[in-house]
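Quick note: the coordinates plus some simple rules give every number you see, no bench work behind them. Just so you know, these numbers come straight off a predicted model, no measurement behind them. Note that each Cβ is placed from the backbone with ideal geometry, even for glycine, and that neighbours are counted across all protein chains shown.
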Amino acid sequence: MARGRLGALELARLLDAAAQPLYVLDEDRTIVFCNQPCLEWLGCSAEELQGQRCIYGSVEGEIGVSLAAGLCPPPEIWTGREQAGMVGATLRDGRLSRRRARFIPLANGTEVPFVLAIVETEDLAQSADKTQQPLPSEAAELHERLRRFRHERAEKYRLDRFVGDSPAMRLARAQIEVAAASRASVLIVGPPGSGRQHAAHAIHYAVHGEGSGPLVPLSCAVLAADLIASTLAAIASQRFPVEASGRGTLLLNDVHELPIESQTEIVRLLSGKGIPLRIVATSRHDLADLAREGRFRDDLAALLSTLVIRLPPLVERRGDVPLLAQWFVEKVNARGGKQLSGLSSEALDCLDSYSWPGNVEELGQVIEEAHRHAEGPEITLGDLPQRIHLARSAAAHPRRPEETIVLEDFLAGIERELLTRAMRRAKGNKTKAAKLLGMTRPKLYRRLVQLGLEEPNS
């Protein structure tokens, strides 16, 4: 037994003497060893890092927890195949350090009790993204894109759910950042499931985080008019501490559902003493459009729409679906159970062909269900819910549109055919053709003209 312990200590000394950063994970994805170059690279102590479980995704928490997430190998490593990948961490100085790594499974038969990670000694330059050797899978590429996005945007503004490179989402993120830095009233417009409430929360918590003032939500679609009015009156009369009122938010969800009586009360409160909280409202429709249709008060629409943020339906930004799907995969990973690397190319193609009536919220539900069913290291085509496959099949074999039969046109076509045959059989003689059809010559002539078979007065 002592000899075995001596061998382990000797191996640790050899690994510690290596010039490259090295670390070892056990079968529970727990970091059991990291050498001195690895600690120096990350700027942490062995006590902060060793003993932390690696989650394949972004995990908030103490320094050791977030660093361990950045060191997680691709889940495919536990199948026993050596993998290449990217590891990275947001260092104490706020800089994102990204390096390539090799993951070597230390297999014992079919089991993989340990994984050795060998990290390159130099950071990847930001400009090297397109010139370096590509990552081994589409899921790995999406994982790395998501890591960079989180570092650049989401940590400050909690915009994870709004990932994507589509022009509409770049504009929405910019508008959210402007709204977060302002105390003006904000209207967030978008279809159900597009993330309106998440955008409102991102705006409220952006600057002060958990130290923000009160967030007071009111559901305009559920609460009765008198209850909404009394709640607003109570808020208007309440005295918040200066720092709380300066950071607090009144969130009016589904403001387009407000009864006219409540609209009048809100205008009265805002025009009088006022509500000591910044107002953020969500709506399915632009309030200015509703006001033009007479379904919303003009003055209230103007008061609530100082800044307007429009969230597009998912079907209008299909190019963002792969990165959003990866985000949802890693969100489920963060719970600490089964770890998946992402989705196969076939599964992503299937998601691309779906119409997403439930928008981002539906995509999250689909990924969670597929994550639960997956048996391998990634979500495959067969793991997706049945409704996605049925919708894909229906799109590939659309129903033939039903032809509308206009009776007059149908009968006119038959009559035109009979007249043509009779004239051909009578060799153009209208008198003979009329006898064949059992009608007078003048009537035959009129029908020939009406059906375009004869020029008038010919």
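Observations on the structure shown:
- Across region 323-458, the fraction of Cα-Cα pairs farther apart than 22 Å, rounded to a whole number, is 59%.
- Rounded to the nearest 500, the 222 nm mean residue ellipticity of the chain from helices alone is -12500 deg cm²/dmol, with -39,500 (n - 2.57) taken per DSSP H run of at least 4 residues.
- Antiparallel %, DSSP beta bridges [both residues in the chain], to 5: 55
- Taking label points 7 Å from Cα along the Cα-to-Cβ direction, ARG13 and ILE104 give a separation of 2.0 nm.
- Cα gyration tensor shape for region 51-100, rounded if a/c is under 1.5, else prolate or oblate: oblate
- Cysteine residues of the chain whose C-beta has no other cysteine C-beta under 4.7 angstrom: CYS44, CYS220, CYS350.
- Sorting 424-435, 406-417 by their mean Cβ neighbour count within 10 Å, with the most densely packed peptide first, gives 424-435, 406-417.
- Lysine pair number, Cα distance threshold 20 Å (strictly under), the chain, separation 8 or more or different chains: 6
- Alpha carbon convex hull of the chain, projected area averaged over orientations, nm²: 38.7
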